[in-house]
Each structure stands twice: as C-alpha cells, then as structure tokens.
Amino acid sequence: MRLKLFISIIGFQICVIVMSLFLLKRKNSMGLMTSISPIKQESIQKSSSNIKFFYEPKPNTIIKFNHAWLPDAVTYTFNDDSLNERTNYEINKEDKTYRIVTLGDSFTFGQNISTEYNWTELLENELNANYLCSQINKYEVINLGVFSYDTQYEVERYRLRGTNIIPIFLFGHLLTLNGY
C-alpha cells in the first residue's frame with residue numbers, strides 16, 4: 001500500500017512538472033513571457049572596467065515601468081554617476097556632512113521600487129529629519145547597489161564610483177582598491 005501511494009505521488013509530481021514546462025514553453029513562444037528587469041539594453045553601458053560583462057545603468061536616465069503584479073508604477077532615476085539616486089553628489093563634500101556608502105545587489109538598488117522609496121533614500125530622509133547635531137549638518141546616503149551584482153562587481157562599482165565620493169578607512173589606514 002505504501003509503495004503504491006509513493007509511486008502515485010511521484011507520478012503526479014512528474015506530470016505537474018512536464019505540464020508546467022509545456023505551458024511555460026508555449027507562453028514563451030507566443031511572446032507572453034516578460035522580463036523581470038525593466039532596464040533595457042539601450043539603458044545600460046559597458047563600463048571602463050577590466051571585468052568582463054561589467055555593465056552599469058547609463059547616467060542621467062529615467063526609466064518608468066509598470067508590471068501587472070506591482071501595485072504602482074515604478075520610476076528609476078539615475079544621476080550623473082549612474083547611481084539610483086534623486087540627487088547628484090559632489091566629490092568635495094560640504095563641511096559637517098556625513099557620508100554613508102551602501103554596496104549591494106537588488107535589495108540595496110531598490111529593484112521594483114521607485115528611487116524615492118528605496119531604503120537608502122528613506123534612511124537619508126530619516127537621518128536628515130531627526131538626527132542632525134552640532135557636528136553634522138547633513139547626511140548623504142549614497143546607493144552604489146545594482147541588481148544581479150555579486151561581491152566582485154560590488155567592489156568594482158565602488159572602485160569606479162565610490163572612491164571619488166568616499167575612501168575606505170580600515171583600522172586607521174586608507175584602503176585602496178587599485179589591485180584588489
């Protein structure tokens with residue numbers, strides 16, 4: 001009895017998998033499948049990196065899209081440095097400005113969330129609204145995240161974009177990423 005039940009369950013699972021693959025292939029051949037990423041090829045650029053396949057969003061680009069499964073339309077705003085940011089950041093910061101750089105993948109980037117609502121923008125808003133003091137007049141939370149990046153790409157993005165904005169200090173020593 002147990003063997004028959006086990007074989008029936010396995011048979012049912014195989015049927016479900018085969019039918020799912022058939023339907024997926026059929027939808028794809030009819031052009032009904034859509035890409036999860038709304039950033040099209042014309043909105044990205046090959047960067048001046050030694051890493052093969054290192055691409056970044058084009059600077060000063062606005063991308064708007066709406067997927068049926070999202071409650072609202074989404075707008076990505078890329079600044080002069082191709083960062084998913086509302087504003088541009090000067091290389092030389094003002095006095096009493098505290099900078100925080102974030103590295104990461106789609107979560108840090110804010111995939112499927114408009115730029116103004118990604119967590120780095122919300123953190124910057126919260127810090128500037130509630131945590132200013134005599135030593136700090138302004139916070140800047142800089143988002144270097146890009147979806148699908150892994151650690152190697154995140155370090156390269158920091159090397160290309162972040163070192164102009166903020167160097168890394170470890171244990172009192174400046175860390176350079178020239179030969180990382």
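The values are calculated or read from the model by the stated rules, or taken from the named source; none is laboratory data. The model shown is predicted, which means the values in this text are computed figures rather than measured ones. Don't worry about glycine lacking a Cβ; one is built from the backbone with ideal geometry, like all the others, and counts go over all protein chains shown.
Going residue by residue through region 68-76, is there one that turns out to be closer than 14 Å to I165 by Cα, buried (at least 16 other Cβ atoms within 10 Å of the Cβ) and without any contact (Cβ under 8 Å) to a residue 60 or more places away in the chain?
no
Looking at (1) in contact with a Ser or Thr (Cβ under 9 Å, 6 or more places away or on another chain); (2) modelled with pLDDT of 95 or more, which one does A129 not meet, given that it meets all the others?
Condition (1) is where A129 drops out.
Listed here are the residues, each with its yes/no results for (1) part of a helix (DSSP H, G or I); (2) among the aromatic types (F, W, Y).
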residue: I63; (1), (2): no, no
residue: W69; (1), (2): no, yes
residue: D72; (1), (2): no, no
residue: Y89; (1), (2): no, yes
residue: I113; (1), (2): no, no
residue: Y153; (1), (2): yes, yes
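Just the residues that are more than 23 Å from N79 (Cβ to Cβ) and either within 21 Å of the chain's Cα centre (by Cα) or aromatic (F, W, Y) (or both), please, taken from region 124-156.
Y131, D150, T151, Q152
Select, from N137, N128, the only residue that is surrounded by fewer than 19 Cβ atoms within 10 Å (Cβ to Cβ), closer than 21 Å to I165 by Cα and either touching a residue at least 40 places away in the same chain (Cβ under 8 Å) or not assigned by TED's automatic domain parsing to the domain that holds R159 (or both).
None of the other options fit; the residue is N137.
When only residues in region 12-43 that are closer than 21 Å to H67 by Cα and among the hydroxyl-bearing types (S, T, Y) count, which is modelled with the highest pLDDT?
That would be S43.
List, please: which pairs have Cβ atoms under 6 Å, are six or more places apart or on different chains, and start with a residue in region 1-29 that is in a helix (DSSP H, G or I) and end with one that is at pLDDT below 85 and β-branched (V, I, T)?
none
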